[in-house]
Amino acid sequence: MRQVFLGLFVLVLVCSLALGAETFSAQNGFDWLYDQMGSDGSFSSDVSKTALAVAALDSAGYDTSLSQEWLDSEMSSDACYPSGACDTKATALTVIALNEVQDDANFDDILSWYESAQSEANVNGGWYLEVITSSSGNCLVSYDLDGTLKEITVPVDAGAFTGCDSSHFLDLDDCLQANLISANPGIEINVDCSDLSGSVVLTLLYKSSSTYYILNNANSAESDFVVPNGCYGKSKSSTCDLESTLYSGWAIKYLGGDINNLVYLKENYDSTDVKKIALIYIVTGEDKYLVDLAELQKSDGSFDRDPFSTGLAVMALKNSGDYTQNVDDAKSYLREEQTETGDWGSDVEATAMVLYAAFSEDDVTPSEGSATGITSTSDEDECTYDADCEDLYGSDYECNSGLCELITIGCVLDNDCDSGEVCVDGDCIASECNNDGNCEYPDYDENAYNCVSDCYCGDDVCDDVESSSSSDYYCAIDCATTDTTTTTTTTTTDTTTSGGSGWIIIVVLLLLFVGLGVGGYFAYKKGYFNSILSKFKKGGSGGSAQPQYSSPTYNPFTSRVPPQQQPRKPF
């Protein structure tokens with residue numbers, strides 16, 4: 001009896017709240033973001049917000065030309081952003097946007113500004129040169145300092161620097177020139193040891209505490225070394241700032257320059273900061289950082305329970321096939337956090353990052369007049385045959401009622417389909433799910449995939465997405481004696497008679513709206529009632545109804561399985 005009461009209670013709760021539950025829509029998200037654009041093309045007259053919005057909107061095919069013009073107007077004569085108050089992070093985000101829209105006209109100038117904007121890294125270690133050789137002779141070390149070429153002859157005897165304490169490691173800040181490296185970020189040094197006979201290996205090292213780290217080496221007697229001893233402050237040549245350095249490194253990758261701040265980044269690595277871990281992975285591409293990042297994911301799929309941080313984490317993790325489940329969980333969290341108007345927290349930057357990182361590949365139709373490359377007119381048709389569209393826009397377009405439209409093949413989410421349809425196995429099918437608590441297949445097009453409130457594996461109804469060979473035990477039980485192609489008789493239970501259970505529903509409804517209040521809604525949103533409901537439906541034997549955006553075997557309460565890899569030191 002207790003199970004009956006619990007089941008009725010949860011069933012009424014789920015059904016009543018499901019009617020008002022919000023449905024994720026990437027389309028609404030992009031449309032909301034596009035609507036935030038001002039008449040001058042900017043987003044709140046802010047370079048960072050505008051740049052992120054441009055990157056996100058352009059990735060979905062929206063027309064961002066007006067915003068690009070506004071960004072161009074904000075470039076200073078030094079090729080940084082915004083004009084009059086150049087900021088390294090704002091400039092970096094603009095580079096990311098320009099890279100997305102494939103506008104690299106000013107990249108060389110922006111890179112030159114970044115090279116001049118470096119500050120010396122505030123690290124505690126030392127910089128050394130090693131010459132591996134069995135012969136004796138001289139090496140010539142040269143570098144340009146303030147427009148003056150400096151050349152220093154360094155005697156070497158079987159790898160020992162006889163003019164510098166006979167050490168096998170030449171201290172560049174001591175033996176060449178005081179604070180040479182520390183005071184000159186990104187300095188380039190030429191080492192010429194051609195006077196030495198036999199095999200010669202040149203190595204540039206950084207020593208932190210008691211450990212040497214190889215920064216670069218060359219199996220030759222001569223080489224040029226760029227010393228990665230820089231960092232970036234919030235503005236040009238200001239005090240080192242970790243976030244500004246990370247964003248700058250991201251931009252410099254797109255600009256095609258050398259990232260001369262890796263030592264600073266790794267010396268200041270924080271394995272507890274989601275944003276900074278994601279960014280250092282984006283800058284370095286070293287998979288070891290993803291191990292730490294995945295460990296910080298919350299049980300609800302989020303990172304720091306923050307949409308911006310979660311979006312940035314998705315951007316990093318999605319580049320590796322080892323973290324597919326982490327990405328799926330994070331995207332599920334982001335879908336739940338989208339507001340009714342399509343945004344995330346009414347925040348342009350957060351919404352832009354989420355859309356750009358997690359949902360830029362969703363099927364979205366840009367708002368009227370905003371689709372790049374297509375002008376909608378009612379005066380005359382632009383096409384008669386598909387070939388007309390192929391000539392105009394390429395093979396991805398077809399002629400539909402006189403207009404060229406992007407060809408859409410299949411679906412991934414229900415949101416990819418038209419109203420009244422759901423996505424099943426990559427195809428959009430009509431759904432007549434009435435959410436009445438009964439699986440009425442085939443009278444209605446309800447099944448355990450598209451109508452989880454009415455149908456589920458273990459409901460004694462063999463619908464068209466279940467089979468006796470299913471990996472889900474309860475799906476297999478439903479179809480054990482029935483071929484999935486045959487018609488199945490629906491078994492329903494009349495809860496309005498027998499034992500007076502009709503009044504129970506009324507009491508449950510009162511309890512729902514009076515007793516539970518916000519707590520009940522919270523529990524529903526987090527999926528806990530789905531778990532309880534599934535146990536009731538299966539007589540307490542486990543299993544769960546399928547969440548709206550997951551594969552049929554996804555279980556939101558299953559622990560994530562990280563790759564079998566141990567965290568390592570940042571170097």
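Quick notes on this one:
- Test result for residue 179, surrounded by fewer than 16 Cβ atoms within 10 Å (Cβ to Cβ) and without any contact (Cβ under 8 Å) to a residue 12 or more places away in the chain: yes
- In this entry, residue 130 passes the filter for residues that are at pLDDT 95 or above and in contact with a His (Cβ under 8 Å, 6 or more places away or on another chain).
- In segment 292-304, the residues that are at positive phi reach residues that are in a loop (DSSP other than H, G, I, E, B) and hydrophobic (A, V, I, L, M, F, W, C) with C-beta atoms within less than 9 angstrom, at least six apart or across chains, in these pairs: 304/296.
- Unique match (being under 30 Å from residue 202 (Cβ atoms), touching a residue at least 24 places away in the same chain (Cβ under 8 Å) and under 28 Å from the mean Cα position of the chain (by Cα)) among 71, 66, 111, 140: 111
- Residue 173, sole failed condition from (1) closer than 15 Å to residue 125 by Cβ; (2) at pLDDT 95 or above; (3) more than 37 Å from the chain's Cα centre (by Cα): (2)
- Filter result for residue 166 (free of Cβ contacts under 8 Å to residues at least 60 places away in the same chain and under 47 Å from the mean Cα position of the chain (by Cα)): no
- Residue within segment 108-127 that is surrounded by fewer than 16 Cβ atoms within 10 Å (Cβ to Cβ) and of a type in the set (A, V, I, L, M, F, W, C) present: no
- Segment 190-220, residues that are crowded, with 17+ Cβ neighbours inside 10 Å, within 18 Å of residue 137 (Cβ to Cβ) and either in contact with a Pro (Cβ under 8 Å, 6 or more places away or on another chain) or hydroxyl-bearing (Ser, Thr, Tyr) (or both): 203
- Where helices (runs of 4 or more DSSP H) sit wholly within segment 269-330, those with at least 3 residues that are small (Gly, Ala, Ser) and crowded, with 20+ Cβ neighbours inside 10 Å occupy 307-317.
- Count - residues of segment 331-359 that are of a type outside the set (D, E, K, R), more than 14 Å from the chain's Cα centre (by Cα) and part of a helix (DSSP H, G or I): 1
- Boolean, residue 381 is over 16 Å from residue 306 (Cα atoms), surrounded by 13 or more Cβ atoms within 10 Å (Cβ to Cβ), at pLDDT below 75 and not aromatic (Phe, Trp, Tyr): yes
- Verdict on residue 258 being of a type in the set (Asp, Glu) and in a helix (DSSP H, G or I): no
- Test: residue in segment 393-409 that is assigned to a loop (DSSP other than H, G, I, E, B), modelled with pLDDT under 75 and buried (at least 17 other Cβ atoms within 10 Å of the Cβ): no
- Counting only residues that are among the aromatic types (Phe, Trp, Tyr) and under 24 Å from residue 312 (Cβ atoms), segment 87-128 holds 2 of them.
- Residue check, residue 310 under 22 Å from residue 346 (Cα atoms) and in contact with a Gly (Cβ under 9 Å, 6 or more places away or on another chain): yes
- Residue count for segment 144-201 satisfying the condition of being assigned to a loop (DSSP other than H, G, I, E, B) and under 30 Å from residue 252 (Cα atoms): 13.
The values are calculated or read from the model by the stated rules, or taken from the named source; none is laboratory data. Keep in mind the model is a prediction, meaning the values are calculated, not measured. Here the Cβ is made from the backbone with ideal geometry for all residues, glycine too, and neighbour counts use every protein chain on show.
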